[in-house]
Amino acid sequence: MSNDILACFDGGGIRGLAAMKFYSTFLQNSQPVQPEYFGGTSVGAIIAASLAFGKSSNDTLNWFKGNVNRIFKRDVFRMIQCLDNILGPKYNGAGLKECLSEFFHNVKLSDSLYPLFIVSYDASSSSPVVFSSLNGDHKDLLLVDCLMASTAAQTFFPPYEFNGGVYVDGGTASNAPGQLIYSLLKEDNIKLLSIGCGDSTQPLNRKDIGGGGTLSWMRHILDLLFDGTEEVSDVALRNNLGDKYVRINKQGIKNIKLDDTSDQSIDYLLQLGLDLYKNNREKLDKFLSIN
């Protein structure tokens, strides 16, 4: 029995451009590949959804690149009202929802052509939630609502309320969602392709940590928490799946904020996507050769 491919995409804001460019290049240069399952967190959920609904990887890349300034558009009144992000998130989410609605329209999650899994976190119940096209309870949910719930990154966008929950960014539960989504499939004939957006976290020495108090850790704690869970997931998947699992990511990239839409950062991320493919070709060929 041949193995089906589950393609999972990390969260990462604007850095999702690197994952999109990688995947587009991968499809153009490899043997014919068609994953049977798609899943993602935050921007990774947007990528996964576009592919599960039959959109081309190039269309998704061009849509995102062409709309980043609408998605991350600051409102002057909001900046004053929120004291420039101190009392509220940087963006009201209206631009993001408008762009998603134009791209996906009013489709339901259950309309996807391939099984789709979207990771979020319900703050009202303190629990991770995976919106799934295979889950009958989710069949009438609008795709755009599920994506808004997955992309509600704390301090960037407000929590998203729908379906009885108060949702925040899926990275709160699992920023690299491969292990979580794989566990839901409960099938043996699955290969997992896990695609990251680059990791800018730098190693810390004793001087970086300083006295070890709140001020010392404030700049590092979120990166450490996210990276820690990603590394645990990576180790577990390598141990459980062996050659049926491949992780595409790069450590030590340039530190690009999640909403940095400058031309320089966009060019850097697109090149990163190309490098992710070039530097992992042998690993990808080996992964695809496993039946």
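Read-outs: derived from the displayed coordinates by stated rules, not from any lab. A quick note: this is a predicted structure, and the numbers were derived from the prediction, not measured. Positions of Cβ are backbone-derived with ideal geometry, glycine not excepted, and every protein chain shown enters the neighbour counts.
Numbers below:
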item	result
Modelled FRET efficiency - R0 25 Å, residue 140 with residue 33, Cβ distances, 0.05 increments	0.20
Reduced Cα scattering model of the stretch 224-291, Debye log10 I(q)/I(0), q = 0.16, 0.17, 0.21 Å⁻¹	-0.74, -0.81, -1.02
Spin-label pair residue 200/residue 241, simplified geometry with 7 Å Cα→Cβ offset, distance in nm	2.7
Other-chain or far-sequence residues with amide H under 5 Å of residue 167's (modelled H)	123, 160, 161, 162
Nonlocal amide H pairs with residue 245, under 5 Å, H built at 1.01 Å	192
Residue 282 versus residue 254: modelled label distance in nm, points set 7 Å from Cα along the beta carbon direction	2.8
Phi to ³J(HN,Hα) by Karplus 6.51 cos²θ - 1.76 cosθ + 1.60 over the stretch 56-64, Hz, x for Gly, Pro	6, 5, 5, 4, 5, 4, 5, 4, 5
Karplus 3J(HN,Hα) series, Hz, for the stretch 244-253 with 6.51 cos²θ - 1.76 cosθ + 1.60 (x for Gly, Pro)	7, 10, 9, 10, 10, 6, 9, 8, x, 6
Phi-based couplings in Hz for the stretch 169-186 (Karplus 6.51, -1.76, 1.60; Gly and Pro marked x)	3, x, x, 4, 8, 6, 6, 10, x, x, 5, 4, 5, 4, 5, 7, 6, 6
log₁₀ of I(q)/I(0) at q = 0.11 Å⁻¹ - the stretch 86-186, Debye sum with one point per alpha carbon	-0.31
Two-site FRET efficiency, residue 290 against residue 73, from Cβ-Cβ distance with R₀ of 45 Å, rounded to 0.05	0.50
